1. Quick one: in the stretch 170-186, which of the residues that are among the hydroxyl-bearing types (Ser, Thr, Tyr) and modelled with pLDDT of 80 or more is nearest to GLU205 (Cα to Cα)?
2. Please count how many residues of the stretch 191-229 are touching a residue at least 12 places away in the same chain (Cβ under 8 Å), open to solvent by 30 Å² or more (accessible area, probe 1.4 Å) and not in a helix (DSSP H, G or I).
3. State yes or no: is PHE164 surrounded by 23 or more Cβ atoms within 10 Å (Cβ to Cβ), in contact with a His (Cβ under 8 Å, 6 or more places away or on another chain) and part of a strand (DSSP E or B)?
4. Output the residue which, of all residues in the stretch 167-190 that are open to solvent by 20 Å² or more (accessible area, probe 1.4 Å) and of a type in the set (S, T, N, Q), is farthest from HIS48 (Cα to Cα).
5. Please work out which residue is modelled with the highest pLDDT, limiting yourself to the stretch 22-37 and to residues that are surrounded by fewer than 18 Cβ atoms within 10 Å (Cβ to Cβ) and either in contact with a Pro (Cβ under 9 Å, 6 or more places away or on another chain) or in a loop (DSSP other than H, G, I, E, B) (or both).
6. If only one of ASP123, ASP133 is at pLDDT 95 or above and among the acidic types (Asp, Glu), which one is it?
7. Does the stretch 108-116 contain at least one residue that is of a type in the set (Ser, Thr, Tyr), over 15 Å from GLY12 (Cβ atoms) and in contact with a Leu (Cβ under 8 Å, 6 or more places away or on another chain)?
Amino acid sequence: MDIIPAIDLIGGQCVRLTEGDFSQQTTYHTDPVEVAKQFEGLGLRRLHLVDLDGARAKQPVNLPVLERIASQTKLHIDYGGGLQSSEAIRQAFDAGAKQITAGSIAVREPQTVEAWLKEYGADRIIVGADFKDNRIAINAWAEQSELTLESFLASFSEKGGKTFICTDVSKDGKLQGSSIEVYQRLLEQFPTLQFIASGGVTTIEEVRHLREAGLHGAIIGKAIYEGTISLEDLAKEVI
């Protein structure tokens, strides 16, 4: 299982939100490049980089930060937030992203993301399946669509999607545990898909449970910054 630390960006700084609420923001570090270097220094190889400014603006805002991290580390970066056009996708890849995450646009314009999957390949396009009460959440999690989590996954599986970041919005940033039961159900229903757990991962034991359950990856954010998971313990879990 891939261990994937997260950096969320607002104003070029490393922040975390609670339940995706911009009014519940905590700033943890003014220089995300230094945070990324710290991850790399401990042997972590992946990074989930979220442009929260971009998510609100519906276009990438923090590409210079992506470029700095990509040029100063060897981390495998997946980048998301505000990627609404083919031009934005190209900009993200040109700035150093190895993968991008298609979020709300996968709900609003599934044919666009299907075209990206065909053009760039399923290994480079991750589909974001953000959910709350089993409904897909969109627009920086401010709205819930009519789509169920399962119907969304089934639809994109048919379109060529392979890897999905599944974020339980109701748990994100709360440090109360992740939705492992949901992930176990999805793994049974969609055994050929790769699921990355996101939202609420709180302890190193939970990371191990997610691996045992068969998750492809686990994104860990606030638990790192609040110290409920130490970077040293996390590094030991990297295979």
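1. So the first thing to find is which residues in the stretch 170-186 are among the hydroxyl-bearing types (Ser, Thr, Tyr), and the list is 170, 178-179, 183.
Still in the list and also modelled with pLDDT of 80 or more: 178-179, 183.
Details: SER178: 12, SER179: 14, TYR183: 16 Å.
Applying the filter and picking the extreme gives SER178.
2. Adding up the residues that qualify gives 6.
3. Values: surrounded by 23 or more Cβ atoms within 10 Å (Cβ to Cβ): yes; in contact with a His (Cβ under 8 Å, 6 or more places away or on another chain): no; part of a strand (DSSP E or B): yes.
Considered against the rule, which asks whether it is surrounded by 23 or more Cβ atoms within 10 Å (Cβ to Cβ), in contact with a His (Cβ under 8 Å, 6 or more places away or on another chain) and part of a strand (DSSP E or B), PHE164 comes out as no.
4. The selected residue is GLN189.
5. Once the filter is applied, the top-ranked residue is ASP31.
6. Numbers: ASP133 fails: at pLDDT 95 or above.
That would be ASP123, the only listed residue that is at pLDDT 95 or above and among the acidic types (Asp, Glu).
7. Filtering the stretch 108-116 for residues of a type in the set (Ser, Thr, Tyr) gives 112.
Going one step further and asking which of them are over 15 Å from GLY12 (Cβ atoms), we end up with 112.
Imposing the further condition that a residue be in contact with a Leu (Cβ under 8 Å, 6 or more places away or on another chain) reduces the set to none.
Within the stretch 108-116 (the criterion being of a type in the set (Ser, Thr, Tyr), over 15 Å from GLY12 (Cβ atoms) and in contact with a Leu (Cβ under 8 Å, 6 or more places away or on another chain)), the answer is no, since none of the residues qualifies.
The values are calculated or read from the model by the stated rules, or taken from the named source; none is laboratory data. Keep in mind it's a predicted model, so treat the numbers as computed, not measured. Every residue, glycine among them, receives a Cβ derived from its backbone with ideal geometry; neighbour counts consider all protein chains shown. When the accessible area is computed, the model is the full protein with side chains, heavy atoms only, and any ligands, DNA or RNA have been set aside. Shrake-Rupley method; radii C 1.70, N 1.55, O 1.52, S 1.80 Å.
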